[in-house]
Amino acid sequence: MAPFIIDYICAGCRDHFREVQEGLKALKTSFAVNPRMVRGLDYYTKTTFEVTTKSLGAQNAVAGGGRYDRLVKDLGGPEVPGIGFAVGVERLISLLPAVMEDIVRSPDLYIAALGPEARKLAFRLCNGLRTLGILA
């Protein structure tokens, strides 16, 4: 059996991955680390992800992606961090309820966070407001 790539990541990537997991835990969002998941190792950096559902049977991936921190530079541009993802539109549509409420087009509240600690607090605050139906 081949070794798991997660056992050989650098300290910076390990710290980033821990921070992503802490954010998910702060939001009480369930997740599972899959050491066998492989997504475009030639262009992804740090964290990759898949969004899955139990409502679609065996084809349960709705979206997937990750960070592309070197992609622009590899294509001849400046060093620009980024993220990319793909969504299975048909799968996403099949998960929508039959009747949708009106879509709100502007936020009820905007929170600007200055600094790492404020960003963590704002992240949790915005999520709490969103669970109450407030667009933040």
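The values are calculated or read from the model by the stated rules, or taken from the named source; none is laboratory data. Predicted model only: the values in this text are computed from it and were never measured. Cβ atoms come from the backbone with ideal geometry, glycine included; neighbour counts cover every protein chain shown. To get the accessible areas, we keep the full protein, side chains included, count just its heavy atoms, and leave off ligands, DNA and RNA. Shrake-Rupley method; radii C 1.70, N 1.55, O 1.52, S 1.80 Å.
A few remarks follow.
- Between ARG119 and GLU90, the FRET efficiency estimated from the beta carbon spacing at R0 = 41 angstrom works out to 0.70.
- Average accessible surface for the chain: 79 Å² per residue, computed with a 1.4 Å probe over protein heavy atoms with every protein chain in place.
- Rounded to the nearest 500, the helix-only mean residue ellipticity at 222 nm of the chain stands at -9500 deg cm²/dmol, with each DSSP H run of n ≥ 4 adding -39,500 (n - 2.57).
- The length gained on full extension between GLU79 and ILE6, counted as 0.36 nm times the residue separation minus their Cα-Cα distance, comes to 23.8 nm.
- Residues whose placed amide H lies under 5 Å from that of ILE83, excluding near-sequence neighbours: TYR68
- Net charge over other residues, Cβ less than 12 angstrom from the Cβ of VAL62 (K, R count +1; D, E count -1): 0
- Kirkwood hydrodynamic radius (C-alpha pairs) into Stokes-Einstein, the chain, 4 °C and 1.567 mPa s, D in µm²/s: 72
- Ignoring lysines fewer than eight residues from LYS120 along the same chain, the ones with Cα atoms less than 23 angstrom from its Cα are LYS25, LYS28, LYS46.
- Anisotropy class of region 3-47 from Cα gyration tensor, a/c 1.5 cut: prolate
- Signed unit charges on C-beta, dipole axis of region 1-133, positive-most listed residue LEU27, PHE123, ALA63: LEU27
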